[in-house]
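These notes concern the structure reproduced below.
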Amino acid sequence: MALDPVTQASGTGVFIPGADIDTDRIIPARFMKCVTFDGLGEFAFYDVRFDSETGEKTNHPLNDERFKDASILIAGVNFGCGSSREHAPQSLAKYGFTAVIAESFAEIFYGNSTTLAMPCVMASAENITKLRAAIEAKPDTKITIDVENLKVSTCCDLEFSVKMPESARDALISGRWDPIQELIDNDAAINERAKALHYV
Amino acid sequence: MGKSLFQKVWDSHRVGTLGDGRTQLFIGTHLIHEVTSPQAFGMLRDLGLKVKFPQRTFATIDHIVPTENQDQPADPMAAEMIEAIRKNCDDFGVTYFDLKSGKQGILHVVGPEQGITQPGTTIACGDSHTATHGAFGAIAFGIGTSQVRDVLATQTIALQEMKVRRIEVNGDLRPGVYAKDVILHIIRQLGANGGIGYAYEYAGDLFERMSMEERMTVCNMSIEGGARCGYVNPDAKTVAYLQGRPYVDNDNFEETAARWLSFASDADAHFDDIVKIDAADIEPTVTWGISPDAGISITENIPDPLNASTPEEKASIEEALAYMKLPGGTPIEGVKIDVAFLGSCTNGRLSDFREVAKYIKGHKVAANVKAIAVPGSQIVAIQCEQEGLPEIFREAGFEWRAAGCSMCLAMNPDKLIGDQLCASSSNRNFKGRQGSPTGRTVLMSPVMVAAAAIKGHVTDARNLFDLSETSAVA
């Protein structure tokens with residue numbers, strides 16, 4: 001079951017400021033009252049996008065008309081911390097994001113995103129600041145993430161290296177970001193392991 | 001060179017190496033609940049797959065269960081989610097502890113109670129507080145829904161091996177300082193992202209003296225420090241706790257116990273990092289901001305953005321203070337509360353309610369405070385009843401509820417309203433975490449929650465209760 005390789009992501013970007021943006025912020029728990037992931041896109045960052053009393057849009061970057069078509073989310077440190085809910089990357093993907101560039105990521109969020117073929121790359125604080133300035137000056141700055149060579153480039157001279165665990169890079173570019181088939185294929189080894197474990 | 005417990009468990013559960021370099025890891029025990037499992041079963045059906053080892057998955061409902069009347073779901077979607085897990089477990093042959101079983105509760109309370117949680121095993125669950133089970137010397141961690149599917153279909157997942165950081169805490173805690181303060185202190189020291197890429201081994205004489213319940217409180221919040229899993233080495237206390245429990249091999253107990261103990265880290269084990277903390281430096285700790293690492297001693301002031309060392313830190317403090325509606329540079333003691341929540345997988349066990357009950361006799365919850373006490377499981381609830389605890393709580397003005405996650409994440413009807421401020425024994429103070437988009441959370445130990453409920457504001461429990469004779473950790 002070969003999957004489509006993910007070698008790059010490109011589009012315009014939006015910067016969401018703040019460290020430790022948790023998965024409750026990305027998708028508040030009340031929207032997890034569901035039995036499918038359908039329809040989660042409209043609730044991404046809901047409680048910071050809308051005033052809870054008036055229902056009106058806040059000044060959150062996702063409400064900024066200049067960034068309404070952004071498909072690359074740019075953030076700070078420890079993005080996606082907290083709850084293991086896959087609803088978080090699901091809601092970002094369904095909102096229209098195809099990749100995330102951040103200083104660092106929480107581990108469970110990172111794995112969940114990779115399994116959904118959404119590349120998450122790590123950039124230095126300095127480069128995030130430059131990228132932020134670039135899109136602030138020119139919101140339609142096209143950003144390209146080269147997953148294979150771990151580079152981010154823009155239409156406008158800014159180019160820098162990014163990091164990604166080798167396993168995630170390989171999984172994306174080789175089209176095995178969803179490991180289910182490979183796990184299933186190792187059935188004999190699974191059975192052998194199970195036999196060796198006293199408690200199984 | 002010897003091996004750490006992490007290495008021993010990892011090696012004994014390694015199925016092989018996958019094409020992308022990750023390990024295919026066998027998951028000995030899988031726990032599922034109503035929120036993160038229905039989509040996984042949906043994927044399983046779409047792919048035409050079965051559950052490979054149905055006897056190794058255990059299910060219950062906890063996140064959305066109402067605590068006033070457990071069997072009346074709050075809305076049609078809650079009812080549908082409960083029906084979905086019932087049907088999924090039934091269709092695929094998975095053990096399900098339903099409301100009538102008498103065994104329902106928060107998965108991280110139920111697993112140890114039933115003896116499903118055992119040393120030297122791997123435990124996964126679509127819930128980030130799965131590290132709780134690490135208290136027993138298991139490698140336990142949260143997974144996403146696609147991985148829940150992977151475990152159901154293959155009993156394995158793809159996982160990158162973690163590094164191991166040994167956090168050694170030695171010495172005696174001061175009176176009025178609890179396991180909750182220990183983990184809040186560790187997270188404050190190492191940061192909310194300090195544990196990324198690590199498993200935490202909690203070691204040193206403090207953890208050796210801790211009860212199993214206290215160890216669970218500490219391991220529970222590993223993820224709040226960025227560590228996906230955290231554990232304490234198994235010892236005689238671990239073995240004694242598990243003996244006689246339903247899912248333990250009690251017929252071959254000696255052999256089983258010996259095997260469990262053999263997983264403990266060797267004396268000459270390698271650790272990627274070691275951090276040492278003196279137990280005497282730990283104070284009753286409360287949070288003031290919107291991340292669990294925003295902890296301060298109850299006697300400290302809320303940070304002042306003017307004293308921040310970097311512009312990023314200043315912006316971060318300002319964002320947190322604006323959300324919390326608290327002035328920087330002023331004492332946290334005295335901050336008014338509206339709600340007090342006692343419960344959750346962090347602090348919802350018998351020992352927590354027992355400890356609070358010792359001090360609240362003769363006191364009353366302040367008039368303007370809504371205080372709820374929510375046992376972590378139906379069994380905890382029964383144990384509390386047998387000891388007459390609900391009466392003590394009710395007498396003091398608490399509402400005594402039925403088992404569930406309740407106001408920790410407010411997926412059931414227990415929610416903050418507007419910008420209410422909650423003194424909470426739970427684990428997260430994120431924006432909106434307790435059910436209102438503007439609700440505010442101050443994390444603290446159960447005894448500190450009780451003190452705040454009585455005074456109507458965040459307060460130093462040591463000044464209200466006589467805690468001088470008590471040492472949480474014997």
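Scan the range B:158-198 residue by residue and report those that are of a type in the set (D, E, K, R) and under 19 Å from residue B:228 (Cβ atoms).
Those that are of a type in the set (D, E, K, R) and under 19 Å from residue B:228 (Cβ atoms): B:161, B:163, B:165, B:166.
Going by the conditions given, is residue B:254 assigned by TED's automatic domain parsing to the domain that holds residue B:134, at negative phi and not aromatic (Phe, Trp, Tyr)?
yes
Considering only the range B:306-342, state which residues are away from chain A (no Cβ under 14 Å), of a type outside the set (Lys, Arg) and within 25 Å of residue A:47 (Cα to Cα).
B:324, B:326, B:327, B:328, B:335, B:337, B:338, B:339, B:340, B:341
Please enumerate the residues belonging to the range A:154-166 that are within 11 Å of residue A:127 (Cα to Cα) and of a type outside the set (Phe, Trp, Tyr).
A:158, A:159, A:161, A:162
Given B:179, B:199, B:227, which one is under 23 Å from the mean Cα position of the chain (by Cα), away from chain A (no Cβ under 13 Å) and of a type in the set (A, V, I, L, M)?
B:179
This table checks each residue for (1) in contact (Cβ under 8 Å) with a residue 60 or more places away in the chain; (2) at the interface with chain A (Cβ under 7 Å from one of its Cβ atoms).
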{"position": "B:28", "(1), (2)": "yes, yes"}
{"position": "B:33", "(1), (2)": "yes, no"}
{"position": "B:46", "(1), (2)": "no, no"}
{"position": "B:52", "(1), (2)": "yes, no"}
{"position": "B:60", "(1), (2)": "no, no"}
{"position": "B:67", "(1), (2)": "yes, no"}
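Restricting attention to the range B:112-157, which residues are facing another protein chain (nearest Cβ under 7 Å), of a type outside the set (S, T, N, Q) and closer than 16 Å to residue B:227 by Cα?
B:126, B:127, B:142, B:143, B:144 - these are the residues of the range B:112-157 that are facing another protein chain (nearest Cβ under 7 Å), of a type outside the set (S, T, N, Q) and closer than 16 Å to residue B:227 by Cα.
For the range B:121-217, give me every one of the helices (runs of 4 or more DSSP H) that falls completely inside it and has 2 or more residues that are under 30 Å from residue B:257 (Cβ atoms) and out of contact with any strand residue (DSSP E or B) (no Cβ under 7 Å at 6 or more places or on another chain).
B:179-190, B:205-209
Could you give every pair whose Cβ atoms fall below 8 Å, whose first residue belongs to the range B:430-455 and is outside the structural domain of residue B:215 (by TED's automatic domain parsing), and whose second residue is aliphatic (A, V, I, L, M) and at pLDDT below 95, counting only separations of at least 6 or pairs across chains?
B:447/B:467
Could you tell me whether residue B:265 is hydroxyl-bearing (Ser, Thr, Tyr), buried (at least 19 other Cβ atoms within 10 Å of the Cβ) and over 23 Å from residue B:235 (Cα atoms)?
Criteria not met by residue B:265.
So for the range A:30-46 (the condition being more than 30 Å from residue B:33 (Cβ to Cβ) and either free of Cβ contacts under 8 Å to residues at least 40 places away in the same chain or away from chain B (no Cβ under 12 Å) (or both)), does at least one residue qualify?
Looking through the range A:30-46, none of the residues is more than 30 Å from residue B:33 (Cβ to Cβ) and either free of Cβ contacts under 8 Å to residues at least 40 places away in the same chain or away from chain B (no Cβ under 12 Å) (or both).
Check off (1) over 28 Å from residue B:97 (Cα atoms); (2) β-branched (Val, Ile, Thr); (3) within 20 Å of the chain's Cα centre (by Cα) for residue B:277 and give me the number that stays unchecked.
(3)
Scan the range A:155-169 for residues that are crowded, with 18+ Cβ neighbours inside 10 Å and either at the interface with another protein chain (Cβ under 10 Å from one of its Cβ atoms) or at pLDDT below 95 (or both) and report the count.
Summing the residues that are crowded, with 18+ Cβ neighbours inside 10 Å and either at the interface with another protein chain (Cβ under 10 Å from one of its Cβ atoms) or at pLDDT below 95 (or both) in the range A:155-169 gives 4.
Taking the condition within 14 Å of chain A (Cβ to nearest Cβ), of a type outside the set (Phe, Trp, Tyr) and on the phi < 0 side of the Ramachandran plot, does residue B:407 pass?
Criteria met by residue B:407.
Can you pull out every residue in the range B:54-89 that is surrounded by fewer than 18 Cβ atoms within 10 Å (Cβ to Cβ), touching a Gly at 6+ places or on another chain (Cβ under 8 Å) and in a loop (DSSP other than H, G, I, E, B)?
Those that are surrounded by fewer than 18 Cβ atoms within 10 Å (Cβ to Cβ), touching a Gly at 6+ places or on another chain (Cβ under 8 Å) and in a loop (DSSP other than H, G, I, E, B): none in the range B:54-89.
With the range B:1-53 as the region, which strands (runs of 3 or more DSSP E) entirely inside it contain at least 2 residues that are buried (at least 22 other Cβ atoms within 10 Å of the Cβ) and in the same structural domain as residue B:145 (by TED's automatic domain parsing)?
Answer list for the range B:1-53: B:23-26, B:29-32.
For the subset of the range A:61-120 comprising residues that are more than 13 Å from chain B (Cβ to nearest Cβ) and hydroxyl-bearing (Ser, Thr, Tyr), which member is nearest to residue B:195 (Cα to Cα)?
Only one residue tops the list, namely A:98.
Does residue B:115 count as touching a helix residue (DSSP H, G or I) at 6+ places or on another chain (Cβ under 6 Å), surrounded by fewer than 24 Cβ atoms within 10 Å (Cβ to Cβ) and either closer than 25 Å to residue B:237 by Cβ or in contact (Cβ under 8 Å) with a residue 40 or more places away in the chain (or both)?
yes
Which ones in the range A:129-147 are surrounded by 14 or more Cβ atoms within 10 Å (Cβ to Cβ), touching a residue at least 60 places away in the same chain (Cβ under 8 Å), more than 16 Å from the chain's Cα centre (by Cα) and not in a helix (DSSP H, G or I)?
Selection gives A:139, A:141, A:142.
Which of the residues belonging to the range B:202-224 are within 14 Å of another protein chain (Cβ to nearest Cβ) and not hydroxyl-bearing (Ser, Thr, Tyr)?
Hits for the range B:202-224 are B:220, B:221, B:223, B:224.
Is it fair to say residue B:458 is over 25 Å from residue B:61 (Cα atoms), within 18 Å of the chain's Cα centre (by Cα) and more than 14 Å from chain A (Cβ to nearest Cβ)?
no
Here's the yes/no breakdown for (1) surrounded by fewer than 23 Cβ atoms within 10 Å (Cβ to Cβ); (2) touching a Leu at 6+ places or on another chain (Cβ under 6 Å):
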| site | (1), (2) |
| --- | --- |
| B:422 | no, yes |
| B:425 | no, yes |
| B:437 | yes, no |
| B:444 | no, no |
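Tell me, yes or no, whether the range B:261-284 has at least one residue that is touching a residue at least 60 places away in the same chain (Cβ under 8 Å), β-branched (Val, Ile, Thr) and within 14 Å of another protein chain (Cβ to nearest Cβ).
No; the residues of the range B:261-284 include none that is touching a residue at least 60 places away in the same chain (Cβ under 8 Å), β-branched (Val, Ile, Thr) and within 14 Å of another protein chain (Cβ to nearest Cβ).
The values are calculated or read from the model by the stated rules, or taken from the named source; none is laboratory data. Remember, predicted model here, so these are calculated numbers, not experimental data. For neighbour counting, all protein chains shown are included, and Cβ atoms are generated from backbone atoms with ideal geometry for every residue, glycine included.
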